[in-house]
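What follows is a set of notes on a single structure, which appears directly below.
Values in this text are rule-based calculations from the coordinates and carry no lab data. All figures in this text were calculated on a predicted structure; none of them were measured in a lab. Note: ideal-geometry Cβ built from the backbone for every residue, glycine included; neighbour counts use all protein chains shown.
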Amino acid sequence: MSERGAGFVPGLEGVVAAETRLSHVDGAAGELTVAGFPVEELANRATFEEVVYLLWHDALPDAGQLADLREALARRRALPRATLDLLRAAASEGTPPMDALRMAAGTASLRAGDASADGDAAYEEALAVVACLPTIVAAYRLLLDGEEPVDPDPELGHAANYLYMLGGGVPGDGSVRALEAYLATVADHGLNASTFAARVIVSTGSDLVSAVVGALGALKGPLHGGAPGPALDVVFEIGEARRAEPVLREKLGRGERLMGFGHRVYKVRDPRADVLATAAELLYATDGDAALYGLALEVEKTAVALLEEHKPGRNLQTNVEFYTALLLHGLGLPTELFTPTFAVGRVAGWTAHCFEQTERGRLIRPQSEYVGERDRRWLPIEER
Ligand code: COA
């Protein structure tokens, strides 16, 4: 019996734990709506700053509002000395990037301590944390390589500046557009585990930086944010199109799962896969390795066909991770930065959910079902 007798739902699957205007995942139809926009409408057009504004304010910004947000974020990109010291210490220990990001993100409180002019501490925290995540990831990447961080360039937009800080110089328009598409595509996705974690934390009246740190901890787990690296490894392992079928067949025969295919919620093709496939196609046509893109298409086609053979009628389709891997690789990102870059996009959703939870939500406090012993009697230590 639970505290009040409610039924236990493992993993809270199917439980509606929040009302939100931020995004809707329709797994049966294969549709993702972000603040009213089909994801494909938004991702191919919006900049990251426009997505942040849309999620925070439930409307697209006009030119003045967009300029203000761009400027507010750009002003908060540089890291305090304490954050850089922390990242240097982490790099000297070889700490994985998601752990370094989680530790350093907490230092956003150093900046967010000064509430903005209108006294809105949560808004100031949101600006601070959204602004500094890319700087942390990029700085840490360079420190791990024994290089010095590149200072942010306030003239560049959020996405362009992230690529710039990763050390590749001012990026071309094609690369920036591809990254914008990626960030918009992953900005929000219903009540996923990290977003739920963030909402639970602010529902207690805690602060927004704490919520983002908790969300980063949830995102780090391989069941949530960690699959794109392995999806790309399979494409590399296959190497040439004629090997796709034997290699994939062998994996399925060994009982392995094909990375980048199948989804818990989407039972048709993940709409984010299409958006990112289009973005990747454009990127690889201009800046990338066209042969790799062609190979990935062959791998995808073969994998979907073999999965239909393997699990007839299950309709196991390409998921977001497959094209995420291809896109981020095309942008020159190493696989260990794939999950941190996911966080750079998802923080838009986390912060928006924090605002929404604080405005309309209630303390999130579910129940548990007690399955332990009862009526035990205390034994003095010499009798145990
Ligand atoms: N490769 C091989 N078989 C797969 C598969 C895949 N990618 N995805 C699902 N299956 C199999 C399952 O093993 C299951 O078989 P069973 O009935 O014999 O147990 C069957 O297909 C139905 O699975 P389903 O219920 O649709 O999936 P799920 O909810 O259990 O798992 C995932 C969803 C995402 C965990 C799963 O598809 C997976 O592991 N995919 C690969 C990893 C990946 O790309 N993750 C990123 C997700 S965004």
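Post the alpha-carbon centroid distance, segment 324-384 to segment 273-297, in whole angstrom.
Centre-to-centre (Cα) distance: 33 Å.
Give a residue-ordered list of calculated ³J(HN,Hα) values for segment 200-215 (Karplus: 6.51 cos²θ - 1.76 cosθ + 1.60, θ = phi - 60°; whole Hz; x for Gly, Pro).
4, 5, 6, 5, 7, x, 6, 8, 6, 5, 4, 5, 5, 5, x, 5
Residue by residue through segment 32-45, what is 3J(HN,Hα) from phi via Karplus (6.51 cos²θ - 1.76 cosθ + 1.60, θ = phi - 60°)? Round to whole Hz and write x for glycine and proline.
Going residue by residue, I get 10, 10, 10, 6, x, 9, x, 4, 6, 5, 7, 5, 7, 10 Hz, with x marking Gly and Pro.
Using all C-alpha to C-alpha distances in segment 29-71, build P(r) with 10 Å bins and read off the rounded percent in each one.
All Cα pairs, binned at 10 Å, distribute as 29, 52, 16, 3 percent.
Go ahead and set up a Gaussian network model of the chain, Cα springs under 10 Å, then flag whichever of GLU256, GLU298, GLU71 fluctuates most.
In this elastic network of the chain, the residue with the biggest mean-square fluctuation among GLU256, GLU298, GLU71 is GLU256.
If you take every residue apart from GLU147 with its C-beta less than 14 Å away from the C-beta of GLU147, what net charge results, scoring Lys and Arg +1 and Asp and Glu -1?
Every neighbour counted, the sum reads -1.
Go through GLY172, PRO38, GLY332 and say which Cα lies farthest out towards the positive end of the charge dipole of the chain; charges sit on Cβ, +1 for Lys and Arg, -1 for Asp and Glu.
In the chain, that residue is PRO38.
Give a residue-ordered list of calculated ³J(HN,Hα) values for segment 8-17 (Karplus: 6.51 cos²θ - 1.76 cosθ + 1.60, θ = phi - 60°; whole Hz; x for Gly, Pro).
7, 10, x, x, 6, 4, x, 7, 8, 10
Rounded to the nearest 20 Debye, what is the dipole magnitude of the chain about its Cα centre when Lys and Arg each give +1 and Asp and Glu each give -1 at the C-beta?
1140
Quick query: amide H of GLU31 versus all other amide H atoms, modeled in the peptide plane; which residues come in under 5 Å with a sequence gap of 5 or more or a different chain?
Those lying under 5 Å, H to H, from GLU31 are ASP26.
Given the options PRO97, VAL9, ALA28, identify the residue whose Cα lies farthest towards the positive end of the charge dipole of the chain (+1 on Cβ of Lys, Arg; -1 on Cβ of Asp, Glu).
Farthest towards the positive pole: VAL9.
Roughly speaking, what is the stretch gain from LEU223 to ASP120, that is 0.36 nm per residue apart minus the C-alpha to C-alpha distance, in nm to one decimal?
Once the chain is fully extended between LEU223 and ASP120, it gains 33.6 nm.
Go ahead and set up a Gaussian network model of the chain, Cα springs under 10 Å, then flag whichever of LEU12, LEU316, LEU42 fluctuates most.
Maximum fluctuation in the GNM of the chain, among the listed residues, is at LEU12.
Dimensions of the chain along principal axes (Cα, Å, largest first)?
70, 55, 47
Hey, in the GNM for the chain with a 10 angstrom Cα cutoff, which one of LEU22, LEU328, LEU306 fluctuates hardest?
LEU306
Could you give me the radius of gyration and the Dmax of segment 238-366, taking only the C-alpha atoms into account and expressing both in angstrom?
17.8, 56
Mind listing P(r) for segment 218-280? All alpha-carbon pairs, 10 Å bins, whole percents.
Bin by bin from 0 Å, the calculated values are 17, 44, 36, 3.
How far, in nm, would the chain grow between ARG75 and THR204 when pulled straight, counting 0.36 nm per residue and subtracting the alpha carbon separation?
Difference between extended and current length: 43.4 nm.
Work out, step by step, the length gained on full extension between ARG365 and GLU250: first 0.36 nm times the residue separation, then minus their alpha carbon distance; give nm to one decimal.
Result: 36.8 nm gained on full extension.
What does the helix-only formula give at 222 nm for the chain: each DSSP H stretch with n ≥ 4 adding -39500 (n - 2.57), the total divided by the residues, and the result rounded to the nearest 500 deg cm²/dmol?
Using -39500 (n - 2.57) per qualifying helix, the result is -17500 deg cm²/dmol.
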